[in-house]
Structure formats: structure tokens, C-alpha cells
Amino acid sequence: MTARHESVDAHRAAARQSLAIFVLTVSDSRSPADDRSGDRIVSLLSEAGHQLAGRAIVPDEASRIAACVTETAKLESVDAIVVAGGTGVAPRDVTPEAVEPLFTKSLAGFGELFRSLSFAEIGAAAMLSRATAGLIGDKPVFVLPGSTAAVKLAMEKLILPEIGHLVSLAARR
């Protein structure tokens, strides 16, 4: 193992192992009874030892999405936010437009890596995803496509392996 990998591993080992994460689903058609992507996120968080800080569903309306994310990011009881839905190119897909202006720091690598991993699974259609991530103050916010396959990919390959480390770094003063 190289010194660089040892350093990353040491940082991950020192990071908090259990976080409180808020899950927001953006959809005009989902309800708590049939929010499969939100359910998948919650299940994966729980399996990884994290806690659900709260959960909501809002319609594909930029002002409602931005308001929910803004208010949630202010809560001391929330360590991070995962948003699912509204990242495509259809006219009602406005989640990136609603959330990205709120970022105090962008995490461009998240979207790039997500699309790369997605390309390996679905091919050129991966370019239609506008998945994004950033910080609002010291809170990581991840914006994912709404499909259960996309949620699983992002959570297992990107978010869960790094979220404790990211929260620890973002909270340093």
C-alpha cells in the first residue's frame, strides 16, 4: 500500500462511523407508500450503521426543493442530506437548478464519478444524468437520479465509502 493510500485509510478510520442523514425525494408522483428510491437509501444507510435524521417528499418545484434543503441544512441534528429525483433533462427535472446555487463548495468529482460508473452499467444514457454534490456550510448534499439502480450505485460506490470522511473534513474549523 502506498503512503497516499495509508493516509486516506487513516482518515477514513478516524472519521465518524454513524451519521444522521436526511433523505429527500423529489417527485410529482411518489408518496411515502411507494417511494422505492427513498426506501432504498434508508435501507442502505441503516445497513451501513447510519441513522435517518428525517425524510420528506417534495414535488418537482425548484422553490419547494430549495426551501426543504435550505431548512434541513440548518439543523444541527443533520450531518448530511441525500436528495433523489429530478436530475434528468425533462422539463420538470429542476433539482440541480434548485440545489446547486445553495452550495458553498461544489464537489464536481461526485457527478463525474457517478456518470463514469453509470456509463459502465447503462452506456451512453449516463450522460443524461445531472447528479451533483456539494457542501452547504459544513453539510454534504448529494443529488441523485430517482431510479433505484442509480441510488444503489451512488450509495454503495461513492457516498457510503466516503461520507464519514467527508463530514469530518467539512466540519473542521
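Just need a number here: residues in the range 102-133 that are farther than 26 Å from residue 74 by Cβ and of a type in the set (D, E, K, R).
3
Within the range 12-34, is even one residue polar (S, T, N, Q), in a helix (DSSP H, G or I) and either at pLDDT 95 or above or over 16 Å from residue 148 (Cβ atoms) (or both)?
no
For the range 84-121, give me each residue that is under 16 Å from the mean Cα position of the chain (by Cα), of a type in the set (Asp, Glu) and surrounded by fewer than 14 Cβ atoms within 10 Å (Cβ to Cβ).
Scanning the range 84-121 gives 97, 112.
Test residue 54 against the stated conditions and say whether it is surrounded by fewer than 17 Cβ atoms within 10 Å (Cβ to Cβ), at positive phi and either hydroxyl-bearing (Ser, Thr, Tyr) or in contact with a strand residue (DSSP E or B) (Cβ under 6 Å, 6 or more places away or on another chain) (or both).
Spelling it out, residue 54 is indeed surrounded by fewer than 17 Cβ atoms within 10 Å (Cβ to Cβ), at positive phi and either hydroxyl-bearing (Ser, Thr, Tyr) or in contact with a strand residue (DSSP E or B) (Cβ under 6 Å, 6 or more places away or on another chain) (or both).
Being in contact (Cβ under 8 Å) with a residue 40 or more places away in the chain, surrounded by 21 or more Cβ atoms within 10 Å (Cβ to Cβ), more than 18 Å from residue 153 (Cβ to Cβ) and touching a Lys or Arg at 6+ places or on another chain (Cβ under 8 Å) is the requirement here; does residue 24 meet it?
Against the criterion (in contact (Cβ under 8 Å) with a residue 40 or more places away in the chain, surrounded by 21 or more Cβ atoms within 10 Å (Cβ to Cβ), more than 18 Å from residue 153 (Cβ to Cβ) and touching a Lys or Arg at 6+ places or on another chain (Cβ under 8 Å)), residue 24 qualifies.
I need the full set of residues from the range 46-70 which are within 19 Å of residue 163 (Cα to Cα), without any contact (Cβ under 8 Å) to a residue 60 or more places away in the chain, of a type outside the set (Ser, Thr, Tyr) and part of a helix (DSSP H, G or I), in order please.
47
Kindly check whether there is at least one residue in the range 130-148 that is more than 21 Å from residue 36 (Cα to Cα) and of a type in the set (Ser, Thr, Tyr).
Checking the range 130-148: not a single residue is more than 21 Å from residue 36 (Cα to Cα) and of a type in the set (Ser, Thr, Tyr).
Given (1) within 16 Å of residue 23 (Cβ to Cβ); (2) of a type in the set (A, V, I, L, M); (3) surrounded by fewer than 13 Cβ atoms within 10 Å (Cβ to Cβ), identify the lone condition not met by residue 73.
Unmet for residue 73, out of (1) within 16 Å of residue 23 (Cβ to Cβ); (2) of a type in the set (A, V, I, L, M); (3) surrounded by fewer than 13 Cβ atoms within 10 Å (Cβ to Cβ): (3).
The values are calculated or read from the model by the stated rules, or taken from the named source; none is laboratory data. Note that the structure is a prediction, hence the values are computed from the model and not measured. Neighbour counts run over all protein chains shown; Cβ positions are idealised from the backbone, glycine included.
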